[in-house]
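A.B. asks: Let me give you the structure first, and then I'll get to my questions.
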Amino acid sequence: MDFRRLIAPYDGAALHLATGAAVMVGAVIAALLVHHLMMLVARKAAARTPTSTDDIVVERLSQPLRWVFAALALSAALPGLDLNDAAATVWQRIVGLAVPALVGWLLIAMLNALQDVLIAKTDINVENNLRARRKRTRAGILHRIIVFLLLVVTLCMMLMSIPSVRAIGVTLIASAGLAALAVGAAAQPALKNLIAGIQMAFTEPIRIDDVVVLDNEWGRIEEIRLTYVIIRIWDDRRLVVPVSRFLEQPFQNWTRDSAQLLGSIVLYLDPATDIPRLRAHLATVMDGNPLWDRRFHNLQVTDMKEDMIEVRALMTAKDGPTAFDLRCAVREALLAYIAADMPEAFLRRRIMPAGDGWPVTPRPPSSPGSAPPA
C-alpha cells in the first residue's frame, strides 16, 4: 500500500490551510505596523501643538483604529485565500458581526473624543462659569443620547447580519404594533425619564455644578444621566433623583442665571437696642470681611413683638457657599459685639411692680359687712 498516495490530499489541504493562515497573520501584522507608525506620527504632531485637544483625539481613536486596520487587512487578504463554500459562509458571518461593531465602536470613540475636547475647553472651576456649565450640560446629555442610539443601531445591524434572526424579525413585523404598545406600557417610567432628559438638554432647568435645594437638601449637580441626576449634598452624600422630577415639581436653583446671592441673618433683640449703633458696627464688620463682594449690605428692624424686635441683616456674596460662610461670620461678629459692648440688646423679661412709675387704678374702699371684691 502506497501511504504517500493516501496522505497526499491531506498534505495539500494542510499546506493550503497553513498558507492561508500565514497570509492572514502577515496581513494583520502589516496592518498593526502601519497603525503603529501612523499613531506615532500623529502623537508627535499633536505634541507640537500648544493645545491638548488633538492629543485627546489621538488617544481616543488609537484603540478602535487598531482593530479597524486589522479588519481591513483581513478583508484585503481574503480574495487570495481561495476559501471553500463553508469557510466563505463562516467568514461572512464574522464580517457581518465584526464590521458593524467596529464602525459603532469607532463612532462612539469619536463622540467621546469630542466630549473630552469640550470638557477641556470649558472650565467650570472659574468664578463666572455659567456659559461653560451650560455647554457642558447640554453636550453631556446629547452625548449620552447619541451613544445610546448608536449602540441600539449597532446591535440591530449585527443581528440583521444573521439570516435566522433576520427571518424572525420579518415574521414579527405583523405583531410589532402590539409589542410596541406592551413595551411602552411596561417601560413608561424609563421612557418618561428618557424624554425628560432630552427635554432637559434644551430647556436647561439645571446644569452641571448648579447649586440646588431639593427636599430641604442643599447640594450641587454632580452628574446628569439620561434618566436620573446625581446631587452631591453638602456633607458628601449623594442624592439620586429622576430627571422628570426637575420638570414636574418645584425646586430651588441658586445658580440659574448667576452665582451671586443675597444672604440674610435674623437676630431677636430687646426693644431698647440701639439700632443705628448696631448698623454702624455691621458696616465695620462687612468692610473687614473678604467674603463680602462689596455689592450691598443693610440692617433693618423687620418685625416687632410684645417684648422683642426682629432685626435682619442683609449681605451679598459671589456664590452660595461663600454666602453661607459670610452669614455665619457676620452672625458671630454681631453676637460677640452685643455681648461685649451692648449687653442691653439681649432679650429681657420685664416685671414692673406697682408704684414704680406705672399708673395704678385705686380700688374703692369696701363697706363693713360687704364681701371683699373679687
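A.B. asks: Using θ = phi - 60° and the Karplus relation 6.51 cos²θ - 1.76 cosθ + 1.60, list the HN-Hα couplings for region 260-276 in order, rounded to whole Hz, with x at every Gly or Pro.
C.D. replies: 5, 9, 10, x, 9, 10, 10, 10, 10, 10, 6, x, 7, 5, 7, 5, x
A.B. asks: On to the next question. With every protein chain left in place, what is the accessible area of ARG134 in Å² (1.4 Å probe, nearest 10)?
C.D. replies: The accessible area of ARG134 comes to roughly 90 Å².
A.B. asks: For region 35-78, just run the numbers: alpha carbon Rg, then divide by 2.2 N^0.38 Å, N being how many residues it has. All intermediate terms of the calculation are to be shown ahead of the outcome.
C.D. replies: Values: Rg = 12.6 Å, N = 44, 2.2 N^0.38 = 9.3 Å.
In units of the globular-protein estimate, region 35-78 measures up at 1.36.
A.B. asks: Too long at a 26 Å Cα-Cα cut-off: which of LYS121/LYS192; LYS44/LYS121; LYS135/LYS192? Intermediate results must be reported in sequence, preceding the final value.
C.D. replies: On the way: LYS121/LYS192 32 Å; LYS44/LYS121 22 Å; LYS135/LYS192 24 Å.
Too far apart for the 26 Å limit: LYS121/LYS192.
A.B. asks: Another question, if that's okay. In Å, what Rg and Dmax follow from the Cα atoms of region 259-354?
C.D. replies: When restricted to the Cα atoms of region 259-354, Rg and Dmax are 14.5, 57 Å.
A.B. asks: Here is a further query. May I ask you to order 331-343, 97-109 by the average number of other C-beta atoms within 10 Å around their residues, highest value first? Could the numbers behind the result be given before it?
C.D. replies: Numbers: 331-343: 14.2, 97-109: 17.3.
Those peptides, ordered most packed to least, come out 97-109, 331-343.
A.B. asks: Report Rg(Cα)/(2.2 N^0.38 Å) for region 200-341, keeping two decimals. Display every interim value, and only then the final one.
C.D. replies: On the way: Rg = 18.8 Å, N = 142, 2.2 N^0.38 = 14.5 Å.
It is 1.30.
A.B. asks: Further question: Lys and Arg at +1, Asp and Glu at -1: add these up for the other residues within a Cβ distance under 13 Å of ILE145 and post the number.
C.D. replies: Once positives and negatives cancel, what remains is +3.
A.B. asks: Ok, one more. Once amide H atoms are built 1.01 Å from N in the peptide plane, which residues 5 or more positions from THR316, or in another chain, come under 5 Å H to H?
C.D. replies: Sorted by chain and number, the residues that satisfy this are GLY263, ASP293, ARG295, PHE296.
A.B. asks: Each residue of region 309-316 in order: what ³J(HN,Hα) in whole Hz does its phi give by Karplus 6.51 cos²θ - 1.76 cosθ + 1.60, θ = phi - 60°, with x for Gly and Pro?
C.D. replies: Listing the rounded values in order: 10, 9, 10, 10, 10, 10, 7, 10 Hz.
A.B. asks: List the residues, sorted by chain then number, that are 5 or more residues from VAL229 or on another chain and whose placed amide H is less than 5 Å from its amide H.
C.D. replies: Under 5 Å from the amide H of VAL229 lie the amide H atoms of VAL241, VAL243, each far enough along the sequence or on another chain.
The values are calculated or read from the model by the stated rules, or taken from the named source; none is laboratory data. Not measured: the values here are computed from a predicted model. When we count neighbours, we look across all protein chains shown, and the Cβ atoms used for this are built from the backbone with ideal geometry, even at glycine. Each accessible area value is taken on the protein alone, full model and side chains, heavy atoms only, with ligands, DNA and RNA left out. Shrake-Rupley method; radii C 1.70, N 1.55, O 1.52, S 1.80 Å.
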